[in-house]
Amino acid sequence: MSLDVSPKLLAEAEHGDIREADFVDTVRASLPYAYNLIAGLATELSSSTREFTDNQIPPPSEQERGQLLRALASDAIRGSLERHFGITIAFQNCHRVAAFRPGARGGDTYARFTSVRAQVLNQSPEFRDC
C-alpha cells in the first residue's frame, strides 16, 4: 500500500471530492522521505536562479527508494506535489529527481533532462544504483 489513508479521508473520498491539501498531508505522512526530498528541491529552487535543482544521492535504504518510486509513479501524487510546491517534477532512474520552475515542460533544459539521451547517459555504471 502506498498511502496510509485515514478512515475520515477515505469516507470523504467515497462521498465525493476531497481537499487536495488533505491528500498532500496524507502523502507527507505516508511517504516522508519522498515528500521531504521534493520539498527540499523546491526550497532550493526557489532560493536560486537556476533552471532546476536535482538530487543525485541514492536513498539510504530500499524503504526510502520505494517511497520515492511510489510517489513519482502515481500521477495523482506527483501532480499534487507539483501543485503544492509550485514546481514541475522530472525523474530519472531510481533516485534522480529534479524540480523545475512551473512551465518548464516546453523548455530546452527540461527537454534535455527528460530526453532518451539523458536517460541513457544516466545509466552509466558509476551512476547506477537500482
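Computed from the coordinates by the stated procedures, all read-outs in this text should not be read as laboratory data. Everything quoted here is computed from the prediction, not taken from an experiment. We place every Cβ from the backbone using ideal geometry, glycine too, and count neighbours over all the protein chains shown.
Key figures for this structure:
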{"read-out": "10 Å binning of all Cα-Cα separations within region 4-46, expressed as whole percents from 0 upward", "value": "27, 43, 22, 8"}
{"read-out": "Thr109/Ser74 FRET efficiency (R0 25 Å; Cβ-Cβ; nearest 0.05)", "value": "0.50"}
{"read-out": "Contour minus Cα-Cα distance for Leu121 and Ala13 (0.36 nm per residue)", "value": "34.7 nm"}
{"read-out": "Degrees, to the nearest 10: 20-30 long Cα axis against longest axis of the chain", "value": "70"}
{"read-out": "Ranked packing of 12-24, 74-86, most packed first, by mean Cβ within 10 Å", "value": "74-86, 12-24"}
{"read-out": "Table column - 3J(HN,Hα) (Hz), region 60-65, Karplus curve with 6.51, -1.76, 1.60, x for Gly and Pro", "value": "x, 8, 5, 4, 5, 4"}
{"read-out": "Per principal axis, descending, Cα span of region 8-126 in whole Å", "value": "46, 32, 26"}
{"read-out": "Normalised contact order of the chain, rounded percent, pairs of Cα under 8 Å and 6 or more residues apart", "value": "23"}
{"read-out": "Options Val24, Thr43, Gln63, ranked by Cα towards positive dipole end of the chain, top entry (Cβ charges)", "value": "Thr43"}
